[in-house]
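The values are calculated or read from the model by the stated rules, or taken from the named source; none is laboratory data. Everything numeric in this text was worked out from a predicted model, so none of it was measured. Because the Cβ atoms are built from the backbone with ideal geometry, glycine has one as well, and the counts that use them run over all protein chains shown. The area values use the complete protein model at the heavy-atom level, side chains included, leaving out ligands, DNA and RNA. Shrake-Rupley method; radii C 1.70, N 1.55, O 1.52, S 1.80 Å.
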Amino acid sequence: MLIEIRDRASSLVAYVIIGLLILSFALWGIQEYFGAGGAPAAAAINDVEITVPEFSNRFQEYRQQLRSNLGRSYEQQFPDESVIKQQVIEGMVDMEILRQEVTEAGFRISDTSLVQKIQQVPQFRREGKFDPDLYTRLLQAQRYDKARFESELREQEKLEQFELSLASSSFMTQADLQRFQQLTGQSRDFSYALVQANPDSIEVSDPEVDAYYSENEAQFQTPEQVRLAYLELAEEALFDQIDIGEDEALSIYQEQPERFMTSELRKARHILVRVAEEAADNPAAWDRARDRANEYIRQLKAGASFEKIATLYSEDTLSAGKGGDIGFIATGDLASGALEDALFSLDVGAYSQPIRTDQGVQIVQLVEVQEPEQQPFAEVRENIVNERKSQMAQTRFIEMADELANLVVEQPDELTEAAETFGLKIRETGWLTASSTTGIFANSRVRLTAFTPDILEEGLNSELIEIADGHVLAFRVLEHKMPELRAREDVAAQIRERLRTRKAAAHAVEAGEEMYAQLQSGISLEELSDKHALELIHHGALRRDDARVPSKIADSAFTMARPEAGHVSVNGLALDDGSFALLELHSVMDGPEVLDETAALQLSQRVNYGRREFSAVLQSIKEDFDVRIFENNL
């Protein structure tokens, strides 16, 4: 179907973003139609810059992934998107450092290996085989040229090769694993009490407020603000304006009948000998599974019914009760390519030899073949129309955007002619600051450009900015407000509260340190709690990940010295909320000492030592690079 190209193109982007870039979620970005010449830098690694448009593209893509995955909980988990921005830019920096390192180290990917990798990409395959024409059309649909895609893929393969060279040579000894098990399984019995001061009981004088106001005027400035006029061009809006007639759609259907065939379907049964996930790296487990599968093959050759053996022995609980029936399968439906290749090579009634898959060892039987059929025009008409509209909208968008980019530069002091030429509406924003992230300021390039001298002081139009794939805009400043010092009476309450909190924290720390000294002298935490009316908190023996205890207190408890028998260890520390914690560690219980083969395998996977060593190598490499991140440009 024609719509398949659009669907595959979308999934191709996801494949490139998520599937290929496994070392980091950094991405060099989808090729923008409009050049970003002269764009400010988000980061610099030696002499190589990561531009703000590149960062902005990656940030938007990653944020969209998070919104899609988290739904409504996104705003709760990320009220401050600066955390996400930091993750994205650090990932991009790490990727560029690795790129430079592997190039210097001489890692190479042969043309043959690159071709094989491309031919394995699922989005480029049709009917189980690589389709060169589909490959070309998918890249064109995303405005990706072959040379650039293949260059990026080659770079990514080199990075994977570098990581695997480290990960595959890394391991932990049995003694290390045993010690790790004892530490991770460790529990500690401790008590703690919090020393706090009530801010409401603390007085702050007017002279103190005046002094803080005078000494910190920069904190009480109103932000610089702008109000903008802008016009935007969106491919989606052009799509809605295009009308495809019945005759044109029918002509496409008749001229390309092979594109509207149903897929060949094969009804199958299977027998699964499952290999547990925790034993996936154990050769003996696979040998046992294959031996069992070979026994079932022997019984089949002796005349036993495939359906009966599947019912009796298959470990796929969903299909075993139906004689192993897994229904009709099309190419691409099965997770295992080897299993699918075997199924589509069988004659009706025949069965495969044992095949290793991610689930275990499987035998598949072909029960029935449903040949491809021509789909009726009525069923595919809507897909044909939408695909044709998409093609026309994309072409029209590129042409209009090119002309619009020129026009906003040729008429630099107004947007009216550009709006009238293309039938666009000039819109206006409310007051926006450099930290605003709503509306068109959700795009960091728009936000940064709005406060540049050309735009603010000379009153020029911005250049045409791509804020999303198939969506561009240009703007100019309508009004501009410079920062102003807020009146003392407007911020006095805020200052007073801030000083109360600061004084309360200082009082709590001072009192807490005095009590800590008493703890160290031998007075028990229980005595101190009774004397000073503190709440003594004791949950008994806890693991280090127990959520009932604040993380900073738990971290301290698990780094304190192991107490001698009949004694306690003590500690005191200031917390981020202004309180002071007093701790008393009673005893330490290590995790189990015995480590059998299965437990060792599970622990190795949990430790992920190869990944840890890779991270350590990366940190070491970074010390030799000149890395600068321009926080104000993010």
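Miscellaneous remarks
- Residue count for region 414-459, restricted to those that are touching an Asp or Glu at 6+ places or on another chain (Cβ under 9 Å) and in a strand (DSSP E or B): 2.
- Residue in region 320-327 that is within 28 Å of Gly128 (Cα to Cα) and exposed (fewer than 13 other Cβ atoms within 10 Å of the Cβ) present: no
- The residues in region 542-555 that are more than 12 Å from Ala581 (Cα to Cα) and open to solvent by less than 60 Å² (accessible area, probe 1.4 Å) can be counted, and the count is 2.
- Any hit, region 498-517, residues being more than 17 Å from Ser187 (Cβ to Cβ), open to solvent by less than 80 Å² (accessible area, probe 1.4 Å) and aromatic (Phe, Trp, Tyr): yes
- Taken over region 91-130, the criterion of being surrounded by fewer than 15 Cβ atoms within 10 Å (Cβ to Cβ) and either under 30 Å from Leu265 (Cβ atoms) or touching a residue at least 40 places away in the same chain (Cβ under 8 Å) (or both) is satisfied by Thr103, Ala105, Arg108, Ser113, Gln116, Gln119, Gln120, Pro122, Glu127, Gly128, Lys129.
- Among residues of region 360-381, those that are in contact (Cβ under 8 Å) with a residue 12 or more places away in the chain and not in a loop (DSSP other than H, G, I, E, B), counted: 15
- Residue under evaluation Arg227, criteria (1) assigned to a helix (DSSP H, G or I); (2) open to solvent by 30 Å² or more (accessible area, probe 1.4 Å); (3) of a type outside the set (S, T, N, Q), criterion not met: (1)
- Exclusive hit being in contact with a Lys or Arg (Cβ under 9 Å, 6 or more places away or on another chain), at pLDDT 95 or above and assigned to a helix (DSSP H, G or I), set Arg269, Arg290, Arg298: Arg290
- Each residue in region 271-288 was checked for being more than 36 Å from the chain's Cα centre (by Cα) and surrounded by 13 or more Cβ atoms within 10 Å (Cβ to Cβ), and 2 of them qualify.
- Test result for Asp341, open to solvent by 20 Å² or more (accessible area, probe 1.4 Å), part of a helix (DSSP H, G or I) and within 25 Å of Ile329 (Cα to Cα): yes
- Comparison of Gln391, Gln411 shows that the only residue that is at negative phi, in contact with an Asp or Glu (Cβ under 7 Å, 6 or more places away or on another chain), open to solvent by 20 Å² or more (accessible area, probe 1.4 Å) and among the polar types (S, T, N, Q) is Gln411.
- Region 547-634 holds strands (runs of 3 or more DSSP E) entirely within its bounds, and those carrying 1 or more residues that are in contact with a Gly (Cβ under 8 Å, 6 or more places away or on another chain) and at pLDDT 90 or above map to 569-574, 580-589.
- Residue ID - nearest to His480 (Cα to Cα), chosen from residues in region 414-448 that are touching a Phe, Trp or Tyr at 6+ places or on another chain (Cβ under 8 Å) and open to solvent by less than 40 Å² (accessible area, probe 1.4 Å): Leu432
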